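Computed from the coordinates by the stated procedures, all read-outs in this text should not be read as laboratory data. Computed from a prediction, not measured in an experiment: that's the story for all the values here. Don't worry about glycine lacking a Cβ; one is built from the backbone with ideal geometry, like all the others, and counts go over all protein chains shown.
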Amino acid sequence: MSTRGTLHGLFRTKPVDVIVAEGGEGELSRSMSLLQLTMFSVGATLGTGIFVVLGEAVPLAGPAVVLAFVVAAVTALFSALSYAELAGTIPVSGSSYSYAYATMGELVAWVCGWCLLLEYAVSVSAVAVGWGQYLNDFFNQTFGFTLPDAISNPPGSGGYVNVPAIVVVMLAMLLLLRGASESARVNTVMVLLKIGVLVFFCAVAFTAFKGGNLKPFAPMGWAGIQAAGSKVFFSYIGFDAASTAGEEARNPKRDLPLAIIGSLVIVTVVYVAVGLAAVGGMRWTEFKEGETEASLSVVLERATNTSWPGAVLSLGAVVAIASVVLSVMYGQTRILFAMSRDGLVPRIFQRVSPRHRVPVANTLIVSGFIALLAAAIPLGKLADATSIGTLFAFGLVNIGVMVLRRTRPDLPRSFRTPLFPVTPLLGVLFCAGLIFTLDGVTQRIFLAWMVVGLVVYFLYSRRHSLLGRNAARTATATTQKGAP
């Protein structure tokens, strides 16, 4: 095969009509409503971030941390609008992986999918580890005891195995195996509960609100707001979760764009309200960088002079993290389902239970892998690499919108990104800018992951690609037909 032919094969796109037709074959059950889709995205986004990141961001921006949340939301909005357009145009389970396959070709799609595997698997493992810590906080504040370190921390962090992390992953797995609609209903309840806990925080914190605590409003100036904005941006990652449910939404072309944009609006309102209540209830100089996880609890204790509101907040964190684990594991299995259907990963990830209409083996393998990571490995810097993987995928989605507008202007679009092409261009620039602000260790981990991914692609995925095999059959048939 010539070099030109090889390059053409690497960047061969999968026709949008074929992708949409495969997604409409009904292997998965179309049972999810607009509310459930929105709650999946809110569930994946509204997790440990607000409980931890506020304590890290306030010392950088002061009371202007409220504006930092808005800046981060606008940054996320550029990518959210691109996701909304592509989700409404290509409503399938693969999310940004499928969008890249339709617009930039197989190799780029594989890289995008490989990034998502890093983002989903490692991030949910890290979140599961945090679940045990918040569960201990809740037990301590409510019942006065904590789980022994030996069974609540991984090796290297003072323990032998992180049992709570295994428990939360297994609970999510059991829900996912029961079916998408059952998982969505439980997730909706958990999301509403954790929003309720944060509303409770705001109500209590506003009783101690003092206007003087907001002065000076921006002690570090615009530079401080930008620094805090970069810090809190990662609290918005997850708004794209609804796009992985493209084949299980009842009315995907209408509901997916609404769920993606709606979840971003809901999360932004909650973040701004919590941020304003926190800096109004406690002077910003009293937020300590080393006590990030306790910041919100300290605000409540100052407001009430009692410890019970902190127990309620810990309960909210436990529910919040469980919801993130469920939502992200769901997204992981659906992306692998789409990649398996294309032949890029083994076919076992595509097999669907005829009874529950869910990919059972896929769910079991993903759950086992995540539980093993969370139980036995201190993730450390590896967890930070999920941010690069996410931003890289976001950037590809923004590029994909521009490519598809040029190559397939005739496609029916239920949502169009406004101010095109300015909006997706800004999305690409903001994603690139945030990638380069991350530390060198994180960037090197990401590059190493990409090298491993390329090795896997050329040794396995390229040879098993259904698109490649079909193209080879067509070329052979054409050659034979033209032979004398």
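At full extension, VAL452 and ARG178 could sit 95.3 nm farther apart than now, given 0.36 nm per residue minus the alpha carbon distance. Spin-label pair ALA21-TRP222: with each label point 7 Å from Cα along the Cα-Cβ axis, the two points sit 5.3 nm from one another. Calculated mean residue ellipticity at 222 nm for the chain: -24000 deg cm²/dmol, from DSSP H runs with n ≥ 4 weighted as -39500 (n - 2.57), summed, divided by the residue count and rounded to 500.
Distance between the 7 Å Cα→Cβ label points at THR142 and ARG250: 3.3 nm. Straight Cα distances below 17 angstrom link LYS231 to the aspartates and glutamates GLU56, GLU289, GLU291, GLU293, ASP384, ASP439, with same-chain residues fewer than 8 positions distant left out. Under 1.5 on a/c is rounded, so check that first for region 1-139, then, if it is not, pick prolate when a/b is larger than b/c and oblate when it is not; a ≥ b ≥ c are the square roots of the alpha carbon gyration tensor eigenvalues. Taking the square roots of the gyration eigenvalues as a ≥ b ≥ c, region 1-139 is prolate. Shown is the FRET efficiency for ARG469 and LYS210, computed with R0 = 56 Å from the Cβ-Cβ distance and rounded to the nearest 0.05: 0.25. Taken along the Cα-to-beta-carbon direction at a fixed 7 Å, the label points for ARG416 and SER157 span 4.9 nm.
Under the shape rule built on the C-alpha gyration tensor, where the axes satisfy a ≥ b ≥ c, region 216-286 is prolate, since a/c reaches at least 1.5 and a/b is greater than b/c. Taking all Cα pairs closer than 8 Å and separated by 6 or more residues, the relative contact order of the chain comes to 32 percent.
Within 10 Å of each candidate Cβ there may be at most 12 other Cβ atoms; applying that plus a DSSP loop requirement, which trypsin sites (Lys or Arg not before Pro) in region 130-231 survive? Before the final figure, lay out each step's value.
Details: sites: ARG178, ARG185, LYS194, LYS210, LYS231; in loops: LYS210.
Counting only loop positions with at most 12 other Cβ atoms within 10 Å, the trypsin sites (Lys or Arg not before Pro) in region 130-231 are LYS210.
Roughly speaking, what % of Cα-Cα pairs in the chain are separated by over 36 Å, rounded to a whole number? Roughly 29 percent, rounded to a whole number.
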